[in-house]
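The values are calculated or read from the model by the stated rules, or taken from the named source; none is laboratory data. Quick caveat: nothing in here was measured; it's all calculated off a predicted structure. Don't worry about glycine lacking a Cβ; one is built from the backbone with ideal geometry, like all the others, and counts go over all protein chains shown.
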């Protein structure tokens, strides 16, 4: 399944109630929404350099190969200066109704 977002693209490879595997493609200058989930943990495996990852109050400038686990209830977002790919593995219920949005997806022009 392919889902287009304002910030890029999600390709879902496996989807069920215990584990979902997706490839996130973040467009240059874009950012996902700042959000959390009530019913699932996320794992992000960064595939490209040039991304910024926010998890809670921490900001990371990861390199390709870095991995992050985001527990349920923790705010998180990804931003890209160039096209960036992230492998996302969701553990728990994956559904739009589970997402709590705090800030919309936006542009990251100027690096913020």
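Structure notes:
- Residue match in the range 38-54 (condition: crowded, with 17+ Cβ neighbours inside 10 Å, modelled with pLDDT under 95 and in a strand (DSSP E or B)): yes
- Qualifying residue in the range 72-88 (condition: in contact with a strand residue (DSSP E or B) (Cβ under 9 Å, 6 or more places away or on another chain), in a loop (DSSP other than H, G, I, E, B), within 18 Å of residue 3 (Cα to Cα) and modelled with pLDDT of 90 or more): yes
- Answer residue from the range 26-37, given it is within 13 Å of the chain's Cα centre (by Cα) and either surrounded by 21 or more Cβ atoms within 10 Å (Cβ to Cβ) or without any contact (Cβ under 8 Å) to a residue 60 or more places away in the chain (or both) and is nearest to residue 97 (Cα to Cα) among those: 37
- The range 1-18, subset in contact with a strand residue (DSSP E or B) (Cβ under 6 Å, 6 or more places away or on another chain) and farther than 22 Å from residue 103 by Cα, residue modelled with the lowest pLDDT: 14
- Close pairs (9 angstrom Cβ cut-off, 6 or more residues apart or separate chains): over 16 Å from residue 5 (Cα atoms) in the range 99-112, in a loop (DSSP other than H, G, I, E, B) and at pLDDT 55 or above anywhere: 100/38; 100/73; 100/75; 102/33; 102/75; 109/29; 111/81
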